[in-house]
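The values are calculated or read from the model by the stated rules, or taken from the named source; none is laboratory data. Being a predicted model, the structure only gives us computed values, none of them experimental. Note that we place each Cβ from the backbone using ideal geometry, even for glycine, and neighbour counts take in every protein chain shown.
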Amino acid sequence: MEITVNAFIQTLMTRRGELWTALLQHLQLSLLALLIATIIAVPLAIWVQPHKKIANVLLQLTGILQTIPSLALLGLLIPFVGIGNLPAIIALVVYALLPIFQNTYVGLDEIDPSYEEAATAFGLSRLQKLVRVELPLAMPVIISGIRTATVLIIGTATLAALIGAGGLGTFILLGIDRNDPALTLLGALAAALLAILFSFGLQLLQKVRWRYSVMALGAILLGFGGVATYQAVVKPQEEVVIAGKLGSEPDILINMYKELITAKSPNTKVTLKPNFGQTSFLFNALKSNQIDIYPEFTGTVLESLTKPTKTQLKQAAAGDSYQIANDLLKKQQLTMLPPMQYNNTYAVVVTQKFAKQYQLKTISDLNKVTGQLHAGFDLEFIDRRDGYRGIKDVYGLQFQVKSLDASLRYQALTKGTVNITDGYTTDSQLRQYHLLALQDDRKLFPTYRGAPLMSQKFAKAHPTIVAQLKKLTNQITEKQMQEMNYEVNVLKEKPSTVAKKYLTQQGLLK
């Protein structure tokens, strides 16, 4: 899909309020992380400057920390510190340590020894030499390191949106998921301009006297960092936090939850955290009480979140998936409310042209064309028992597979980069691109019926919320869900609007 100037300007005007909020979130995250990294790295470099061996060890250590993939680091932090700002800030500090520490150490280490000798001859103490001689001389190099760290942090902070910390990454992820290049470009341009602006500002600081540089830098960091610290430390007002995975469908569902809850309890503060990404992020966040509710599916519970026996899996395949899933969740002090009607199970998807060319109707038919298959599957699907692993075992199929982000797989299929992908039976793209979901003739994919997932403690403490959410039991058909996804992804309606319209039409909301 091409981006036109008009489309970009329209997106900018429509989303300017959200953009301003995301920009402030991005600034707070970035500058607080930069403040913490500077407070750690600069004094540490000053302390180790006379100790070469320790300095080399620390340089190696900070270098190793920076090689850890950012998404992996966020995933590792969630079980320990939950979701939101805290894990994002920790990850950003880790990435900022190396350039600040390295430049501070190098700046001090490369000072001409004659300056040190002159300072000693004048009888200056170690602290006086540091303040009057060493820091002024090293300050341009130190600020250069802070400048590098700032650009690195602003770019990496876009991933904070995956764990509910907000920022400009929200626009990028949403644009990719909705196949809206204007939205993606808006987030990317804003992040890039922010990085350029701060890089330019710090470059100017390198040319002024070091005291003014420190004062200006300190004012900026403390201003934004102080606000972020206050927000992180002060206990927030009690609220119900509802999160959703990346995609239009979870976004629609969490807006339905909010509408139902506030309809009965208008004074309840409901905070939505959409586009959270992978299942594991949400599940860990729920267990660590960072969120209260999120929409999950019975099949995902059985395949990824619990350890059912073979007997239980057979019973689930026969149609009793909800009860078994809920019984297994109770062992983890969690509960799943009764599910909705539609079955949003996995599907193996091809284009109509490819299916017609090779007369494909079922997954078994793929055995005729294994040599022609070039698959692009979501990473989670590749490793699931009810995904590619199951396809190999149940159907005896094996072919070339690339891992693709879920938001990119349909683009790759329609462009011919791959000729087979995974999807869900309610995906709007099936209608949008006239694709074919092959029949699962050997019943590999279990039933995936969606329902709110929460802790047993939360359910007992909020019976009114539970009663309201139970109104969705056996509601929403596959056709209705696919239509709602189409309205969001293709017609560009807001998930909140689509959710409220459905609830009103069905008499679930006045």
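Among the residues of region 43-87, just one is modelled with pLDDT of 90 or more and small (Gly, Ala, Ser), namely Ala45.
Condition test on Arg409, is it free of Cβ contacts under 8 Å to residues at least 40 places away in the same chain, more than 22 Å from Phe281 (Cα to Cα), within 26 Å of the chain's Cα centre (by Cα) and outside the structural domain of Leu313 (by TED's automatic domain parsing)?
Details: free of Cβ contacts under 8 Å to residues at least 40 places away in the same chain: yes; more than 22 Å from Phe281 (Cα to Cα): no; within 26 Å of the chain's Cα centre (by Cα): yes; outside the structural domain of Leu313 (by TED's automatic domain parsing): yes.
No.
Being within 30 Å of Leu286 (Cα to Cα) and either in contact (Cβ under 8 Å) with a residue 24 or more places away in the chain or among the small types (Gly, Ala, Ser) (or both), is that true of even one residue in region 45-65? Explain how you work it out, then say what you get.
Going residue by residue through region 45-65, those that are within 30 Å of Leu286 (Cα to Cα) are 65.
Still in the running and either in contact (Cβ under 8 Å) with a residue 24 or more places away in the chain or among the small types (Gly, Ala, Ser) (or both): 65.
Yes, that holds for at least one residue.
Among the conditions (1) closer than 30 Å to Gly164 by Cα; (2) buried (at least 21 other Cβ atoms within 10 Å of the Cβ), Asp327 misses just one, which is (2).
From the list Phe101, Phe122, Phe171, pick out the single residue that is surrounded by fewer than 18 Cβ atoms within 10 Å (Cβ to Cβ) and either under 41 Å from the mean Cα position of the chain (by Cα) or at pLDDT below 85 (or both).
Values: Phe101 fails: surrounded by fewer than 18 Cβ atoms within 10 Å (Cβ to Cβ); Phe171 fails: surrounded by fewer than 18 Cβ atoms within 10 Å (Cβ to Cβ).
Among Phe101, Phe122, Phe171, only Phe122 is surrounded by fewer than 18 Cβ atoms within 10 Å (Cβ to Cβ) and either under 41 Å from the mean Cα position of the chain (by Cα) or at pLDDT below 85 (or both).
Of all the residues that make up region 403-429, how many are within 18 Å of Val490 (Cα to Cα), β-branched (Val, Ile, Thr) and assigned to a loop (DSSP other than H, G, I, E, B)? Talk me through it step by step, then tell me what you get.
Start the filter on region 403-429 by keeping residues that are within 18 Å of Val490 (Cα to Cα), which leaves 406-415, 423-429.
Still in the list and also β-branched (Val, Ile, Thr): 414, 425-426.
Of the ones still in play, those that are also assigned to a loop (DSSP other than H, G, I, E, B) are 425-426.
Matching residues across region 403-429 total 2.
The condition of being in contact with a Gly (Cβ under 6 Å, 6 or more places away or on another chain) and hydroxyl-bearing (Ser, Thr, Tyr) holds for only one of Tyr486, Tyr448, that being Tyr448.
On the stretch given as region 390-420, residues that are under 22 Å from Gln357 (Cβ atoms) and in contact with an Asp or Glu (Cβ under 8 Å, 6 or more places away or on another chain) total 2.
When Ile142, Ile111 are screened for being touching a Ser or Thr at 6+ places or on another chain (Cβ under 6 Å) and either crowded, with 24+ Cβ neighbours inside 10 Å or not in a helix (DSSP H, G or I) (or both), only Ile142 passes. Do we find a residue being within 30 Å of Lys492 (Cα to Cα), surrounded by 13 or more Cβ atoms within 10 Å (Cβ to Cβ) and not basic (Lys, Arg) anywhere in region 42-51? Taking every residue of region 42-51 in turn, none turns out to be within 30 Å of Lys492 (Cα to Cα), surrounded by 13 or more Cβ atoms within 10 Å (Cβ to Cβ) and not basic (Lys, Arg). Tyr342 passes all but one of (1) within 33 Å of the chain's Cα centre (by Cα); (2) closer than 15 Å to Gly416 by Cα; (3) not polar (S, T, N, Q); which number fails? Here Tyr342 clears every test but (2).
It is to be established whether one or more residues within region 430-447 are within 17 Å of Ile261 (Cβ to Cβ) and not aromatic (Phe, Trp, Tyr). Write out each step before concluding.
We begin by selecting, within region 430-447, every residue within 17 Å of Ile261 (Cβ to Cβ); these are none.
Scanning region 430-447 turns up no residue that is within 17 Å of Ile261 (Cβ to Cβ) and not aromatic (Phe, Trp, Tyr).
In region 418-436, the residues that are at negative phi and among the charged types (D, E, K, R) form Cβ pairs under 8 Å with partners that are assigned to a loop (DSSP other than H, G, I, E, B) and surrounded by fewer than 24 Cβ atoms within 10 Å (Cβ to Cβ), at six or more places apart or across chains, as follows: Asp422/Asp378; Asp422/Gly387. The criterion of being closer than 17 Å to Thr425 by Cβ, buried (at least 17 other Cβ atoms within 10 Å of the Cβ) and aliphatic (A, V, I, L, M) does not hold for Met336.
Of the helices (runs of 4 or more DSSP H) that lie entirely inside region 332-402, those containing 2 or more residues that are within 18 Å of Tyr448 (Cβ to Cβ) span 379-382, 388-395. Close contacts from region 287-301, counting a first residue that is closer than 19 Å to Glu380 by Cβ and a second that is crowded, with 24+ Cβ neighbours inside 10 Å and acidic (Asp, Glu), with Cβ to Cβ under 6 Å and a gap of 6+ residues or different chains, come to none at all.
Look at (1) touching a residue at least 40 places away in the same chain (Cβ under 8 Å); (2) in contact with a helix residue (DSSP H, G or I) (Cβ under 7 Å, 6 or more places away or on another chain); (3) within 22 Å of Lys273 (Cβ to Cβ); (4) surrounded by 14 or more Cβ atoms within 10 Å (Cβ to Cβ) and you find that Glu493 fails only one, number (1). Scanning region 162-187 for residues that are within 19 Å of Ile78 (Cα to Cα), assigned to a helix (DSSP H, G or I) and not aliphatic (A, V, I, L, M) turns up Gly169, Thr170.
State yes or no: is Tyr395 free of Cβ contacts under 8 Å to residues at least 60 places away in the same chain and either of a type in the set (A, V, I, L, M, F, W, C) or crowded, with 17+ Cβ neighbours inside 10 Å (or both)? Working first, answer last.
Working: free of Cβ contacts under 8 Å to residues at least 60 places away in the same chain: yes; either of a type in the set (A, V, I, L, M, F, W, C) or crowded, with 17+ Cβ neighbours inside 10 Å (or both): yes.
The answer is yes for Tyr395.
Can we say Gly82 is in contact (Cβ under 8 Å) with a residue 60 or more places away in the chain and either surrounded by 13 or more Cβ atoms within 10 Å (Cβ to Cβ) or among the basic types (Lys, Arg) (or both)?
Values: in contact (Cβ under 8 Å) with a residue 60 or more places away in the chain: yes; either surrounded by 13 or more Cβ atoms within 10 Å (Cβ to Cβ) or among the basic types (Lys, Arg) (or both): yes.
Answer is yes for this residue.
Residues in region 447-463 that are in contact with a Phe, Trp or Tyr (Cβ under 9 Å, 6 or more places away or on another chain) and farther than 24 Å from Leu313 by Cβ: Met454 alone. With respect to the conditions (1) without any contact (Cβ under 8 Å) to a residue 40 or more places away in the chain; (2) farther than 24 Å from Asp180 by Cβ, Gln372 lacks only one, and its number is (1).
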